[in-house]
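Read through the structure below, which is laid out as structure tokens, and then see the notes.
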Amino acid sequence: MTDIEKAERMGRARALIMALAAAVLIFNVWLQYGDPQYASAGGRGASWLVLIGLWLFILWNGGGLRPGGRVRALLNDELSLQNRSRALALGFYAAILLTLACYVGAWLTPIAAGDALKIVSAGAISAALLRYAWLEWRLH
Amino acid sequence: MTTTDYEKAERLGRKRAQMLPLFAILFLTQQASYFSGPNVDSGRPVDHIRIAAWLAMSIVLLLVLATGGGWFRSREVRALMNDEATQAHRNDAFRFAFFAAMIACVGLYVLGLFEPVGGRDVIHVVMSCGIGAALVRFGMLERRAYRDA
Amino acid sequence: MPEGLANRLREHRAGRELTQAALAEMVGVSRKTINTVENGVFVPSTTLALKLARALGCSVEALFSLEQD
């Protein structure tokens with residue numbers, strides 16, 4: 001398989017994995033919302049950090065750390081960088097709008113700090129992942 | 001496009017580059033007053049006004065970032081003010097601000113595991129980091145572009 | 001098509017009997033980038049445009065031009 005073909009296959013896989021990751025993040029927020037066990041110092045509390053940290057890292061560098069330099073360069077070429085930039089812009093908007101929504105929501109029902117942070121971070125990262133996945137997937 | 005449009009866009013663009021970091025300082029100063037003042041949940045009318053002012057300012061600043069400002073100028077002037085380079089700067093600012101907001105979320109989450117933290121307080125901090133970072137980064141990039149010209 | 005940009009990349013590539021993948025390999029980008037440039041969805045950077053022109057043995061102006069030209 002040539003490097004081009006490898007990069008193409010990995011690109012498709014990356015788009016799919018990102019879409020699934022977004023779904024997992026949202027599901028986790030729904031699962032953990034209002035549960036104090038997930039807001040305490042310990043394994044459960046830290047699990048959220050690991051999840052968020054992983055996907056922030058992927059959004060930052062585009063993933064594809066395993067393959068060699070050339071395949072990674074093809075995976076993260078000009079177009080992919082532009083797509084990632086557009087995705088992160090949407091993530092920023094999502095973060096701010098969700099933050100505002102949580103603020104307004106807090107007038108109607110008390111929202112714990114941990115839950116608000118999970119909603120904002122999961123929403124923003126999921127928006128970025130889904131946008132990136134969509135932009136990449138539709139080109140294949 | 002006339003020479004006057006170019007001159008207007010140049011002047012307004014420079015002004016915008018100077019104002020953006022000032023907006024960030026203003027926004028962050030307003031946030032500081034939120035944390036240093038009495039609890040906004042006390043229900044006093046002045047607290048409602050403070051919250052409304054903060055929400056209004058957040059939305060206006062977000063719109064400025066999204067559109068580049070110059071709302072009352074002609075389409076030609078706005079197109080010049082928001083050309084390719086400015087759009088690239090804005091995208092860069094949004095990337096930067098996204099990660100700034102997420103780092104704030106992570107930091108506050110860690111803090112919340114060990115210390116009690118208020119829901120509204122974290123929201124204020126995340127908003128400050130997000131919008132403040134975007135304004136500062138966008139302003140810096142625009143200022144650098146004008147300085148090098 | 002991005003505002004005002006005409007694009008003859010597909011014709012030049014086909015004229016040299018190159019696949020999108022082959023051209024992508026020559027300039028160091030993914031196949032989908034070549035595809036989106038040909039379809040006018042993506043405007044390449046100056047660097048990429050120069051690489052494409054060099055790979056196809058023509059000028060940048062032969063590949064891309066302003067629509068009113």
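The values are calculated or read from the model by the stated rules, or taken from the named source; none is laboratory data. None of these values were measured; they are calculated from a predicted model. Don't worry about glycine lacking a Cβ; one is built from the backbone with ideal geometry, like all the others, and counts go over all protein chains shown. The accessibility values were calculated without ligands, DNA or RNA, using every heavy atom of the protein model including side chains. Shrake-Rupley method; radii C 1.70, N 1.55, O 1.52, S 1.80 Å.
Yes or no: A:Ala41 assigned to a helix (DSSP H, G or I) and small (Gly, Ala, Ser)?
no
Can you confirm whether the range A:99-111 contains a residue that is in contact (Cβ under 8 Å) with a residue 12 or more places away in the chain, touching a helix residue (DSSP H, G or I) at 6+ places or on another chain (Cβ under 8 Å) and facing chain B (nearest Cβ under 8 Å)?
yes
Kindly indicate the residue of the range A:100-140 that is hydroxyl-bearing (Ser, Thr, Tyr) and modelled with pLDDT under 95 and also surrounded by the most Cβ atoms within 10 Å (Cβ to Cβ) among those meeting that condition.
Residue satisfying both the conditions and the ranking: A:Tyr103.
Taking the range B:76-95 as the search range and keeping residues that are away from every other protein chain (no Cβ under 14 Å) and open to solvent by 60 Å² or more (accessible area, probe 1.4 Å), which one is nearest to B:Lys15 (Cα to Cα)?
By that ranking, first place goes to B:Arg78.
May I ask you to list the residues in the range B:108-149 that are touching a Cys at 6+ places or on another chain (Cβ under 9 Å) and without any contact (Cβ under 8 Å) to a residue 12 or more places away in the chain?
B:Gly119, B:Ile123
Go through the residues of the range B:106-123 one by one and say whether even a single one is of a type in the set (D, E, K, R) and in contact with a Ser or Thr (Cβ under 8 Å, 6 or more places away or on another chain).
No, there is no match, as no residue in the range B:106-123 is of a type in the set (D, E, K, R) and in contact with a Ser or Thr (Cβ under 8 Å, 6 or more places away or on another chain).
Does A:Leu74 qualify as being more than 12 Å from chain B (Cβ to nearest Cβ) and touching a Ser or Thr at 6+ places or on another chain (Cβ under 7 Å)?
Yes; evaluated as a whole, the condition is true for this residue.
With respect to the numbered conditions (1) of a type in the set (Gly, Ala, Ser); (2) under 10 Å from the mean Cα position of the chain (by Cα); (3) within 12 Å of another protein chain (Cβ to nearest Cβ), which one is the sole condition not fulfilled by C:Gly40?
It is condition (3) that C:Gly40 fails.
Could you tell me whether A:Gly43 is more than 12 Å from chain B (Cβ to nearest Cβ), out of contact with any helix residue (DSSP H, G or I) (no Cβ under 6 Å at 6 or more places or on another chain), at negative phi and at pLDDT below 90?
Judged against the criteria, A:Gly43 is not a match.
Which members of the range A:11-54 meet the condition of being open to solvent by 40 Å² or more (accessible area, probe 1.4 Å) and of a type in the set (Val, Ile, Thr)?
Within the range A:11-54, A:Ile17, A:Val24, A:Ile26, A:Val50 qualify.
What do you reckon, is A:Ala87 in a helix (DSSP H, G or I), open to solvent by less than 10 Å² (accessible area, probe 1.4 Å) and under 25 Å from A:Ala41 (Cα atoms)?
No: the conditions fail for A:Ala87.
Kindly state which helices (runs of 4 or more DSSP H) lie completely within chain C and contain at least 1 residues that are under 18 Å from A:Asp77 (Cβ atoms) and either modelled with pLDDT under 90 or basic (Lys, Arg) (or both).
Fully inside chain C and qualifying: C:9-15, C:20-27, C:31-38, C:46-56.
Take the conditions under 20 Å from B:Met19 (Cβ atoms) and under 16 Å from the mean Cα position of the chain (by Cα) and apply them to B:Leu80. Does it pass?
No: the conditions fail for B:Leu80.
Matching residues to (1) facing chain B (nearest Cβ under 9 Å); (2) at pLDDT 90 or above:
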{"position": "A:Ile26", "(1), (2)": "no, yes"}
{"position": "A:Leu49", "(1), (2)": "yes, yes"}
{"position": "A:Arg70", "(1), (2)": "no, no"}
{"position": "A:Asn83", "(1), (2)": "no, yes"}
{"position": "A:Leu88", "(1), (2)": "yes, yes"}
{"position": "A:Leu97", "(1), (2)": "yes, yes"}
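Count, please, the residues in the range B:106-149 that happen to be at the interface with another protein chain (Cβ under 8 Å from one of its Cβ atoms), open to solvent by less than 50 Å² (accessible area, probe 1.4 Å), under 24 Å from A:Tyr93 (Cα atoms) and hydrophobic (A, V, I, L, M, F, W, C).
8
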